[in-house]
1. Checking R128 against (1) at pLDDT 85 or above; (2) in contact with a helix residue (DSSP H, G or I) (Cβ under 6 Å, 6 or more places away or on another chain), which single condition isn't satisfied?
2. Specify which of the listed residues (R50, R73, R32, R77) is among the basic types (K, R) and closer than 30 Å to L201 by Cα.
3. For Y67, which of the numbered conditions (1) among the hydroxyl-bearing types (S, T, Y); (2) surrounded by 14 or more Cβ atoms within 10 Å (Cβ to Cβ); (3) assigned by TED's automatic domain parsing to the domain that holds R32 fails to hold?
4. Name the single residue, out of those in the stretch 145-177 being closer than 18 Å to R23 by Cβ and assigned to a loop (DSSP other than H, G, I, E, B), that is modelled with the lowest pLDDT.
5. Restricting attention to the stretch 26-45, which residues are in a loop (DSSP other than H, G, I, E, B) and either among the basic types (K, R) or buried (at least 17 other Cβ atoms within 10 Å of the Cβ) (or both)?
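The values are calculated or read from the model by the stated rules, or taken from the named source; none is laboratory data. This is a predicted model, so every value here is computed, not measured. Positions of Cβ are backbone-derived with ideal geometry, glycine not excepted, and every protein chain shown enters the neighbour counts.
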Amino acid sequence: MPTTERNGSAVQQAVDLVRDRIRQGEWGPGHRLVETELTTQLGVSRGPLREALGRLEAEGLMTIEPYRGAMVRRMSRADAESLYQVRELLEGLSARLAADRVASDASARRRLVSEIKALERVGERGERREIMDENSRFHQLLIELGANPVAAETLARLNNQIYRYTMRNMFDQKSVARSCRQHLAVAKAVLDGDGAKAERLMRNHVRVSGQEVVKLIEALS
C-alpha cells in the first residue's frame with residue numbers, strides 16, 4: 001500500500017476514534033488530549049494524529065492552542081443557540097421533505113413504518129441508552145428520506161458538535177420519555193403525508209431540545 005494511502009487511512013481512523021469518544025461523552029468539554037498518550041491509545045503516529053486533530057478542529061470539536069495542545073471544545077450558550085436555530089430549520093425541512101417522499105415512495109414508507117415500530121418497542125422497554133440510540137436513528141432516517149444533500153451535510157457537522165451535550169442531558173428519564181413521544185408524533189405526521197404538521201412538530205422538538213442543552217451548558221459553566 002502506498003505511503004500516502006496508509007497515512008490517509010491512519011488519519012481517518014484517528015478522526016473516527018476521537019470523534020466517537022467525544023460524541024459518546026467519554027471526553028467531555030474541556031478535556032485535554034495528550035499527544036503521547038493518544039498515539040499509544042489510537043495506534044497511530046504523531047503526523048496522522050496531528051492531521052486528525054486539525055480536521056476535528058475544523059469540525060468545531062477541538063480547540064488547538066500553541067504550546068498547550070488540543071482540548072475538546074467548550075460550547076457557549078451563544079454557540080448552542082446559533083447551532084440549534086439552524087438545526088431547527090433544517091430538521092424541520094427534512095421532516096417536510098420526508099413526508100412528501102413517503103406519500104409516493106413505498107420503500108420509504110416501509111422504512112418509516114419499521115422505524116415507528118422500533119421507537120414504540122424501545123419506548124415500552126424504557127431503557128434510556130437504547131431510546132437515545134433509536135432516537136438518533138430516527139433523526140438520521142428523516143434526513144435520508146428528505147434527500148437534501150446540503151441539509152444532510154450541514155446537519156452532520158452540527159450534530160457532531162452538539163451530540164456530546166445531548167448524550168449527557170438525555171440520561172434524564174423524563175427527557176428521554178418526552179423525546180420518544182415527540183418523535184412518534186413527528187413520524188406519524190410524516191406517515192400521513194402531512195408535511196406542514198411534520199415540520200411544525202419537528203421544529204418544536206428541536207427547539208425544546210436546544211433549550212435543554214442550553215440549560216446543561218449553563219450548569220456546567
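1. It is condition (1) that R128 fails.
2. Result: R77 is the single residue among R50, R73, R32, R77 that is among the basic types (K, R) and closer than 30 Å to L201 by Cα.
3. All conditions are met except number (2).
4. Within the stretch 145-177, the match that is modelled with the lowest pLDDT is M170.
5. W27, P29, V44
The rows are residues; the columns are (1) under 15 Å from R178 (Cα atoms); (2) out of contact with any Asp or Glu (no Cβ under 6 Å at 6 or more places or on another chain); (3) loosely packed, with under 15 Cβ neighbours inside 10 Å.
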residue: E91; (1), (2), (3): no, yes, no
residue: L97; (1), (2), (3): no, yes, no
residue: S107; (1), (2), (3): no, yes, yes
residue: L112; (1), (2), (3): no, yes, no
residue: I116; (1), (2), (3): no, yes, no
residue: E124; (1), (2), (3): yes, yes, yes
residue: E130; (1), (2), (3): yes, yes, no
residue: N135; (1), (2), (3): yes, yes, no
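One line per residue, one yes/no per condition, for (1) within 20 Å of the chain's Cα centre (by Cα); (2) assigned by TED's automatic domain parsing to the domain that holds Q211; (3) in contact (Cβ under 8 Å) with a residue 12 or more places away in the chain:
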| residue | (1), (2), (3) |
| --- | --- |
| L49 | no, no, yes |
| A52 | yes, no, yes |
| R55 | yes, no, yes |
| G60 | yes, no, yes |
| V86 | yes, yes, yes |
| L93 | yes, yes, yes |
| A98 | yes, yes, yes |
| S104 | no, yes, no |
| R110 | no, yes, no |
